[in-house]
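Below: the structure, in structure tokens.
The values are calculated or read from the model by the stated rules, or taken from the named source; none is laboratory data. It should be emphasised that the depicted structure is a prediction, and the values quoted were computed from it without experimental measurement. Because the Cβ atoms are built from the backbone with ideal geometry, glycine has one as well, and the counts that use them run over all protein chains shown. What goes into the accessible areas is simple: the full protein's heavy atoms, side chains included, and nothing from ligands, DNA or RNA. Shrake-Rupley method; radii C 1.70, N 1.55, O 1.52, S 1.80 Å.
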Amino acid sequence: MKTLIIVAHPKLIESGTQKFLKTSLTKMEDVTWHVLDVTQPHFDVAAEQALLQKHDRIIFQFPLYWYSAPAVLKQWEDEVLTRNFVYGTQRALAKKELGIVVSTGDSQRGFVAGGEEQFTLSEFLRSYQALANKAGMTYLPPFSIFQFAYLTETAKQRLVIDYQQYITNAEFQNFHGRELWFEDQLKQKLADSPNSQKLTQILTAIQDNREDLEELGWTLSMIKDDEDE
């Protein structure tokens, strides 16, 4: 699976969040980091459309500006996502995936019904879900980052793993898919460091306890379903 990350940030150099996310993907293959140039008057439509066609998972990544994306992403949509390309004769994006990575300096507890913002981030991002539907794409649940500057080191480490899975794991939405992804990552690290006893022990433990881990995943999903009800 090839992933295209379309980064829309008018002050990218100043963004610690974007720098952190880019660094976390340094060794990830089949990932293209594509920054929208806010200084150019127009986009090269043919080049942008060709880039989209080469990838399977498309990610819009941006900071939340007044409950929406920065203006450069809207300009890109208006120029690049032409009628025929999206839902007319070409339908070039059909069967691809669309995901959203959004960051905000506000706290997570504000984005609930009755909270300070009154709505969830998913509700604010509904227009992208409509775009995916129109284009025949699969819409992924948005990946939200709240108050990055205040995250602890432990929380940042967890963010790296969650973000990498969102970007590169075709089965990130289920427990077994995440488990297999971890195995693949460990195997790659072992290939780079074949004498690492600790990595070998971790991989062996995961493989030996696969059945218990799958049962745990099933139990956790049941608990979540009960909470949602």
Euclidean distance between Cα centres, region 3-39 to region 107-160, Å:
18
Which three extents, in angstrom, do the Cα atoms of region 67-176 have along their principal axes, listed largest first?
48, 35, 25
Solvent-accessible area of ARG57 with every protein chain in place, 1.4 Å probe, in Å² to the nearest 10:
0
tail above 21 Å in the computed P(r) of region 1-125, as % of all Cα-Cα pairs, reads 46
Which of the pairs LYS2/LYS22; LYS134/LYS156; LYS74/LYS95 have their Cα atoms more than 27 Å apart in this structure?
LYS134/LYS156
For region 41-141 the GluC sites (Glu not before Pro) that pass both the DSSP coil test and the at-most-13 other-Cβ-within-10 Å test are GLU116
How much length is gained on full extension from THR82 to LYS95, taking 0.36 nm per residue of separation minus their Cα-Cα distance?
2.9 nm
